[in-house]
Amino acid sequence: MLRTEFGALLCRGRKKRIVTLILILIFLINAMFYVSFELYNTVMRKNKKLWYNRLKYDKNSYVDESGMRVIVGHYVGGIGGANLSEEIMHTNNYSPVPGAGEGGRPVQLSPRELITARELYTLHSYNILVSDRIAINRSLPDMRSDSCRSVVYDTEELPTASVIIVFHNEAWSTLMRTIMSVLMRSPQLLLKQIILVDDASDRRYLSEELDNAVANLDKVQILRSSNRNGLVGARLMGARVATGDVLVFLDAHCEVTKGWLEPLLDRAGNDDVFICPHIDLLSEDTLAYTKSIDAHWGAFSWRLHFRWLTPSGDVMLKKIRNPSKPYPTPAMAGGLFAVRKSLFWRLGGYDSGMLIWGAENLELSWRAWQCGARVEITPCSRVGHIFRRHSPYKYPGGVSKVLNSNLARAATVWMDEWADFFFKFNPPISAIRDQQNVYDRVELRKNLHCKSFEWYLENVWPQHFFPTTKRWFGRIKNEKGACLGITGGTPGLGAPALGLQCGTDLDLDRLLVYTPEGKIMADEGLCLQQGNGRAVWKSCSDNKKQIWVQDGARLKTISGSCLTLLISEKNSDGIDEALTSKRCVEDDSQIWHFERVPWR
Ligand code: LR7
Ligand code: MN
């Protein structure tokens, strides 16, 4: 039956047959196009890394998985990118969605919104779409530990606070949320004022619109600078008009939590101390409030980059015994701290020669410690801060010029012989050393009878990894040719140690400190440690596996095995080959030469 019908169709004349053939052809061509288009799309999707994967916390971020050691990436200036229209740049798009971000919860966007959010990232280096969706008075949980909650403060006895928030082109919603969180969570009696300092912002929404918003708020005032002073100049401007007993500085993208102010004022009122809150994380993507690890304090690398590190064993022990007590830190992050106004000025305020951003936190920390005050962190005051990967704003004169001259100033005034170490290995900064007029700051140091940098290292940060007169400094080179060292950038924790090209005398990544107790220390506070079958770079600690005793030309572990470069047949110099400790034998792969390099 079917057969006869088909036969009939075929026989219905030539014209019809041609039309049918053409139709089939068109269908086939279409189908082919469709299939290849889908195929192309699938391949492209696979190849294209989703942009927001980049934004997840990676090894440069604040909390690392091991909870042991934390690195905050150093700024290298704005990311540039998308050209945003004037209208987008200058408009405040705050429109809260009920419930969004309440309780510090993350705000998730649809894939389509994420694309818009990415384009807007260049504005602030955080997710402005999310920020604009969260109410400026959102709720946050009480982030304090039980032991902190049980501390009782006599509010009547505490000094009053002037909160100083400086900003340059900050987002309206983020800035307002900072202000609102302070107003909502500070005891009336203790909050004297909030001083906003606008560091020459040019975004339109930060002028009249901000004035109007602030006019409705009790205790909040705005100072405007017509010149871009940088954060030091702006903070000084705020500090000059402050009327409270204690100055409390905050960045313009923070949110304070319940009970944040009392522990700061309590400590600042009672001692010569710059007291910092425990800084938690506000996600740059979702603005989720996340607790950051407890065990950290601030310090810095050989290149003077600020770093969060694990505190010394005795500080950790005291922390465990008394979890609500403030503990010392060699350096502060810089943005969030409280200090008695009188002490702030007695110790010289800030170095007003420091431009835009950077190094003022180290300068202030060294000055505090060396001149008889202290720097501490109180675990009971918890403040969230948006950590950004890039600086969103312009650095007039160029990023490196600004950063380098700030670093040069800080090092010249406070670091003594270690300034020579810093300059020796950073030629571009050394080149501008003499251009810094730091006469006033050196005078200040003299007048305040401040202690030496050596005293600071020995007493405030005895676990430091800088060279000293008692420590050997130089290159450790295997008989086969490869050198010990760390690999460029921010070295990963627990990265296997490898034999490396030896580099020049100026190559900090191949230079090591060898301590009298046998630790081999690299920049970033990394120590060579015997791991499971491999030697690795780990954060320096009391671990006995970090001890390498020199025995002639050998480096021996506590258990007596020898540091060995594992050389394969074809790779005779050992470059890129792994290291481990093995039974000592007669072999060049266990012979190490110590090539001293003067460190200053
Ligand atoms: O020219 C400028 N004018 C300003 O008013 C440049 C910046 N600013 C403002 C800016 O709007 C912000 O409110 O100054 C504040 C700090 O600038 P950020 O947020 O770009 O700095 P940061 O948080 O990336 O960097 C940390 O180190 C800086 C070194 O100069 C400052 O000390 C910051 O205050 C400091 N922030 C913190 O300590 C928060 C914790 C993060 C860490 C680590
Ligand atoms: Mn900041």
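Over the stretch 197-268, all Cα pairs binned in 10 Å intervals from 0 give whole-percent P(r) values of 15, 43, 34, 7, listed from short to long. Approximating the spin labels as points 7 Å out from Cα along Cα→Cβ, the Glu157-to-Leu84 distance works out to 4.9 nm. Taking a point 7 Å out from the Cα of Asn216 in the direction of its Cβ, the residues of the stretch 125-146 whose backbone N falls within less than 18 Å of it are 132-139. Computed extension length for Thr290-Ser145: 50.8 nm, one decimal, from 0.36 nm per residue of separation with the Cα-Cα distance subtracted.
Multiplying the residue separation of Leu28 and Ser352 by 0.36 nm and removing their Cα-Cα distance gives an extension gain of 109.2 nm. Where only DSSP H runs of four or more residues are counted, the chain gives -9000 deg cm²/dmol as its mean residue ellipticity at 222 nm, each run worth -39500 (n - 2.57). From the largest down, the stretch 306-403 spans 49, 34, 22 angstrom on the principal axes of its Cα atoms. Spacing of the modelled spin labels on Lys318 and Asp440, each 7 Å from Cα toward Cβ, amounts to 3.5 nm.
May I ask you to list, by number, the DSSP H helices of the chain whose Cα span along the axis is at least 24 Å and whose average Kyte-Doolittle hydropathy reaches -0.5 or more?
On the way: long enough: 14-47 (50 Å, 0.71).
Flagged H segments are 14-47.
Quick one: order Arg240, Arg340 from most to least accessible surface, probe 1.4 Å.
Arg240, Arg340
Computed from the C-alpha gyration tensor, the three semi-axes of the ellipsoid equivalent to the chain are 48, 41, 23 Å, from longest to shortest. The orientation-averaged projection of the convex hull spanning the C-alpha atoms of the stretch 432-553 amounts to 10.1 square nanometres.
Taking a quarter of the surface of the Cα convex hull of the stretch 368-519 gives a mean projected area of 13.0 nm².
Pull out the extension gain between Ile558 and Thr487, defined as 0.36 nm times the separation in residues minus the alpha carbon to alpha carbon distance; nm, one decimal.
On the way: separation 71, 0.36 × 71 = 25.56 nm, distance 2.63 nm.
Extra length available between Ile558 and Thr487 comes to 22.9 nm.
Solvent-free Debye calculation, one equal scatterer per alpha-carbon of the stretch 165-296: log10 I(q)/I(0) at 0.14, 0.16 Å⁻¹ equals -0.67, -0.88. Take the Cα of Ile18, step 7 Å toward its Cβ, do the same at Trp345, and the gap between the two points is 10.1 nm. Over the stretch 544-584, the alpha carbon radius of gyration divided by the compact-protein estimate 2.2 N^0.38 Å works out to 1.25. The Cα atoms of the stretch 191-238 cover 27, 27, 11 Å along the three principal axes, with the biggest extent listed first. Heavy atoms of the protein chains alone define the surface here; on that basis the stretch 355-413 has 26 Å² accessible area per residue at 1.4 Å probe size.
When the solvent-accessible area of the chain is split by element, carbon and sulfur atoms take up 54 percent of it, the probe being 1.4 Å.
Determine the sum of side-chain charges near Ala242: Lys and Arg each +1, Asp and Glu each -1, restricted to other residues whose C-beta is under 12 angstrom from that of Ala242.
Numbers: positive: Lys192, Arg235, Arg240, Arg340, Lys341; negative: Asp245.
Taking every Cβ under 12 Å from that of Ala242, the sum is +4.
Size descriptor for the stretch 268-360, Kirkwood hydrodynamic radius: 15.4 Å (Cα pairs only, one decimal).
The values are calculated or read from the model by the stated rules, or taken from the named source; none is laboratory data. All of these numbers come straight from a predicted model, not from anything done at the bench. Ideal geometry is used to build each Cβ from the backbone, glycine not excepted, and the neighbour counts take in all protein chains shown. Only protein heavy atoms, including side chains, enter the accessible area calculation; ligands, DNA and RNA are left aside. Shrake-Rupley method; radii C 1.70, N 1.55, O 1.52, S 1.80 Å.
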